[in-house]
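Input: a single structure, listed below in structure tokens.
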Amino acid sequence: MEGLFVGGRCPVGRVLSRVRTIRSIWAWFAICTLIVIWVPIMEVVNLLDRDPAKYRTGRWFRRLGSVMTRVNPVWRVRVSGYRPSDPRLPYMVVGNHQSAADIPVFSRLPWDMKWIGKQSLFKLPLLGRMMHLSRDIPVDRSSRMSRARVLGEASKRLKLRSSVMIMPEGTRTPDGSVGAFNEGAFRLAIKLGVPILPVAVEGTFDALPKDDWRFGDRQEIKLHVFEPIPVEGLGAADAHALQERVRRMIIARVAEWRGVDPAEVDGAPPVVEEA
């Protein structure tokens, strides 16, 4: 056993680390190449796309995300659950947020959704341009005015018969749990009469660690789409209960995948009741 270690380090560990680095270099090279190829394609599609929602343009952008997941040699994405019969029937799509890998993974769903994303992403070279072409929605989380404007922009997309995707935790999970949800998306869905479409994702937290440019080890990523939840008959006062219902559904699914109690997946701070 001692022969496996040299100078206190395990050579097997070094080899595995190098393999992970090589795989990650290949994956990022493939992803960057795809982005460079995709920008002129999307520029042409955008010119021909007369739909005010730019649905076809957005759909091409999601195809890019889908292809990104397929060229990564360590990802295997499994999608299950509901499939809308009409892709232009608008939904407020809500899901948990584990890492930056969620974006291409959610793009495996076969319809376009306008993403609500960090404003900084829209400033990235090439990628930011494609987000603008797709009519995705930027948000500055530090600005209350920006957050209010986002709901107005989301309302416009929904009225143009295009679904909107939001991760109501607001930021990626720090530990793999499901955090508290914001109510804004649920209030808007109730106001417009748009069904909620919950989506749960698992496996992306380890697939792309937050503080490491390298991808994780071989990973099965699971994505499940629940049945739509109608909002007819609900008012603004029902938004909190609707939000908690959806959150509990997602927690239960993630817990089932992990084989743990749902309490272990619930990352929201406990509610302190007033005396």
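The values are calculated or read from the model by the stated rules, or taken from the named source; none is laboratory data. Nothing here was measured: the structure is a model prediction, and the numbers come from that model. Here the Cβ is made from the backbone with ideal geometry for all residues, glycine too, and neighbour counts use every protein chain on show.
Just to check your reading of the model, which residue among 83, 76, 59 is part of a loop (DSSP other than H, G, I, E, B) and among the basic types (Lys, Arg)?
83
Just to be sure I understand, how many residues within the stretch 103-124 are in contact with a strand residue (DSSP E or B) (Cβ under 6 Å, 6 or more places away or on another chain) and either in contact (Cβ under 8 Å) with a residue 24 or more places away in the chain or part of a loop (DSSP other than H, G, I, E, B) (or both)?
7
Scan the stretch 83-122 residue by residue and report those that are under 24 Å from residue 211 (Cα atoms), among the β-branched types (Val, Ile, Thr) and at pLDDT 95 or above. Explain how you work it out, then say what you get.
From the stretch 83-122, those under 24 Å from residue 211 (Cα atoms) are 95-107, 115-122; that's our starting set.
The next check asks that each one be among the β-branched types (Val, Ile, Thr); those that pass are 103, 105, 116.
Selection gives 105 alone.
Condition check ((1) surrounded by fewer than 18 Cβ atoms within 10 Å (Cβ to Cβ); (2) of a type in the set (S, T, N, Q); (3) out of contact with any Phe, Trp or Tyr (no Cβ under 8 Å at 6 or more places or on another chain)) across all residues:
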site: 29; (1), (2), (3): yes, no, yes
site: 35; (1), (2), (3): yes, no, yes
site: 38; (1), (2), (3): no, no, no
site: 55; (1), (2), (3): no, no, yes
site: 72; (1), (2), (3): no, yes, no
site: 76; (1), (2), (3): yes, no, yes
site: 95; (1), (2), (3): no, no, no
site: 110; (1), (2), (3): yes, no, yes
site: 128; (1), (2), (3): yes, no, no
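A quick yes/no check of all residues on (1) under 12 Å from the mean Cα position of the chain (by Cα); (2) farther than 28 Å from residue 251 by Cα; (3) surrounded by fewer than 24 Cβ atoms within 10 Å (Cβ to Cβ):
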{"position": "86", "(1), (2), (3)": "no, no, yes"}
{"position": "123", "(1), (2), (3)": "no, yes, yes"}
{"position": "152", "(1), (2), (3)": "no, yes, yes"}
{"position": "159", "(1), (2), (3)": "no, yes, yes"}
{"position": "164", "(1), (2), (3)": "yes, no, no"}
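Which residue out of 24, 66, 80 is out of contact with any helix residue (DSSP H, G or I) (no Cβ under 6 Å at 6 or more places or on another chain) and modelled with pLDDT under 95?
24
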